[in-house]
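Structure first, then comments.
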Amino acid sequence: MKSFLTGFLVAIVIPPVLVFLFFRLGFADAQADVRPPTWESRVLFAAVHHSVARQAAGIVMPGAATEERLVRGGKLFMNGCAGCHGELGKPFGEDHTNYPRVPQLPHIGTQYTEPQIYLVVKHGVRMTAMSAYGRFYSEEELWSIAAFVRQIRNLPVGVQERILAKP
Amino acid sequence: MRRFLVGFLSGLVVLLLAAAIVVHFGWLDVSADVAIPGWLAHELSGSIHRSVIRQAGKLAPITPATEAQVIAGGKLFVNDCVGCHSEPGKPPSDFGATFYPPAPQFFQVGTRYTEAQIFFVAKHGIRRTGMGAQGESYSDEKLRLLAAFISRIRTLPLGAMELIHQKAQPAPETAVTPK
């Protein structure tokens, strides 16, 4: 029994210590211009998605995703988000500069719901290039961005044209 | 020995299971606007520093920059980096503060990175931060100018910022041959 416990404790303590030392001694590469390994992306994207889903539970979008709202959100997106997330109506351009890669939303869409998108935009995502925009947008602006991003790949007919039209 | 091995394997399974549970139930807070414990933030920034020291050590040593090159680097910095890193003489950037980890405000806090290390970071970016790799948009030549400027950002010669803000001054730019 005593040697079982010793083995158990060694297994619990040693791996975290090794991981800590691996990072602390600088063995983890820093450069962001390489593609993250698939396993890392899977684990970290899952951690983000589950965390956001938990926090968004019980939050409901106030009001509906009307065309007006989609257009407003789309214009905000083109102004403030498209620089990193890709522009509506432009060909796909892979992100080579950030690690993890910035999702190119007009091309891949999103599996996040409106309340989840709202939370991500408002609070950002730790240890990624997604910063917290809560202090730069009003609540209504955040919700219209969320409504737009949710439907970015299947916008109602005519909405994309209205978003891209010059004022 | 067999009992030790069985215990070791059970320990590994429990460890992985615990990690999977934490991830699956979303217990890891990922909000960028909530601070993490200070010691952890310190360790994380230390791990980046050690990694850059290790990797940038392979670079050829940098020849000392002339004042004109520092000014040219400042022009690049004022154009492209101040949105997050803020401009010398100005208050810290609101936008840079909304990232986690926050963008360092070089003019306020300086930097512990050497010129060669700054070049490496600007060129390749830093994983799991908001610092993207700039190597696609800047030649090595321009990145060297940027590094020359940033490493001297707290000890700029008098009047440097005025020179940096002067429009259409071809003199310092011609000293540089773009890639």
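The values are calculated or read from the model by the stated rules, or taken from the named source; none is laboratory data. Keep in mind that this is a model prediction, so the values were computed, not measured. Cβ atoms come from the backbone with ideal geometry, glycine included; neighbour counts cover every protein chain shown.
A compact table of results
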item	result
Within the range B:24-49, tally of residues that are within 14 Å of B:Thr129 (Cβ to Cβ) and in contact (Cβ under 8 Å) with a residue 24 or more places away in the chain	7
Counted residues, the range A:83-107 - those being touching a residue at least 12 places away in the same chain (Cβ under 8 Å) and either in a loop (DSSP other than H, G, I, E, B) or more than 12 Å from the chain's Cα centre (by Cα) (or both)	17
Failed item in (1) of a type outside the set (Lys, Arg); (2) within 30 Å of B:Phe119 (Cβ to Cβ); (3) within 20 Å of the chain's Cα centre (by Cα), with B:Asp33 passing the rest	(2)
Extreme residue, farthest from A:Lys122 (Cα to Cα), among residues of the range B:4-48 that are part of a loop (DSSP other than H, G, I, E, B) and more than 7 Å from chain A (Cβ to nearest Cβ)	B:Pro37
Residue selected from the range B:101-131 under the condition part of a loop (DSSP other than H, G, I, E, B), out of contact with any His (no Cβ under 9 Å at 6 or more places or on another chain) and without any contact (Cβ under 8 Å) to a residue 24 or more places away in the chain, by the criterion nearest to B:Asp33 (Cα to Cα)	B:Pro102
Exclusive hit being under 22 Å from A:Gln31 (Cβ atoms) and over 15 Å from the mean Cα position of the chain (by Cα), set B:Leu12, B:Leu76, B:Leu28	B:Leu76
Odd one out for B:Gly125, checked against (1) within 14 Å of another protein chain (Cβ to nearest Cβ); (2) surrounded by fewer than 23 Cβ atoms within 10 Å (Cβ to Cβ); (3) not acidic (Asp, Glu)	(2)
Members of the range A:122-167 found to be more than 14 Å from chain B (Cβ to nearest Cβ), crowded, with 17+ Cβ neighbours inside 10 Å and among the small types (Gly, Ala, Ser), listed by number	A:Ser144, A:Ala146, A:Ala147
Answer from A:Pro36, A:Pro15, A:Pro62 - the residue that is touching a residue at least 60 places away in the same chain (Cβ under 8 Å) and over 21 Å from the mean Cα position of the chain (by Cα)	A:Pro62
Subset of the range A:131-152 [under 19 Å from A:Gly74 (Cβ atoms) and under 16 Å from the mean Cα position of the chain (by Cα)]	A:Tyr133, A:Leu142, A:Trp143, A:Ile145, A:Ala146, A:Ala147, A:Phe148, A:Val149, A:Arg150, A:Gln151, A:Ile152
A:Ala65 vs. criteria more than 10 Å from chain B (Cβ to nearest Cβ), surrounded by 13 or more Cβ atoms within 10 Å (Cβ to Cβ) and assigned to a loop (DSSP other than H, G, I, E, B)	yes
Residue check for B:Ser51: more than 9 Å from chain A (Cβ to nearest Cβ) and hydroxyl-bearing (Ser, Thr, Tyr)	no
Complete set of residues in the range B:54-80 that are within 14 Å of chain A (Cβ to nearest Cβ) and modelled with pLDDT of 90 or more	B:Arg54, B:Gln55, B:Ala56, B:Asp80
Residue match in the range A:69-79 (condition: more than 30 Å from B:Gln134 (Cβ to Cβ) and in a loop (DSSP other than H, G, I, E, B))	no
Tally, over the range A:19-46, of residues that are within 15 Å of B:Leu44 (Cα to Cα) and either more than 7 Å from chain B (Cβ to nearest Cβ) or in a helix (DSSP H, G or I) (or both)	7
Positions within the range A:47-61 being more than 7 Å from chain B (Cβ to nearest Cβ) and either exposed (fewer than 12 other Cβ atoms within 10 Å of the Cβ) or of a type in the set (Ser, Thr, Tyr) (or both), in sequence order	A:Ala57, A:Gly58, A:Val60
Single match in B:Ala160, B:Ala103 (criterion: more than 16 Å from the chain's Cα centre (by Cα), of a type in the set (Gly, Ala, Ser) and surrounded by fewer than 23 Cβ atoms within 10 Å (Cβ to Cβ))	B:Ala160
So B:Gln134, is it away from chain A (no Cβ under 14 Å), under 29 Å from A:Lys122 (Cα atoms) and of a type outside the set (D, E, K, R)	no
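For (1) among the aromatic types (Phe, Trp, Tyr); (2) at pLDDT 95 or above; (3) within 26 Å of A:Glu94 (Cβ to Cβ), each residue gets a yes or a no:
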site	(1), (2), (3)
A:Pro15	no, no, no
A:Arg24	no, no, no
A:Ala28	no, no, yes
A:Ala64	no, yes, no
A:Leu70	no, yes, no
A:Lys75	no, yes, yes
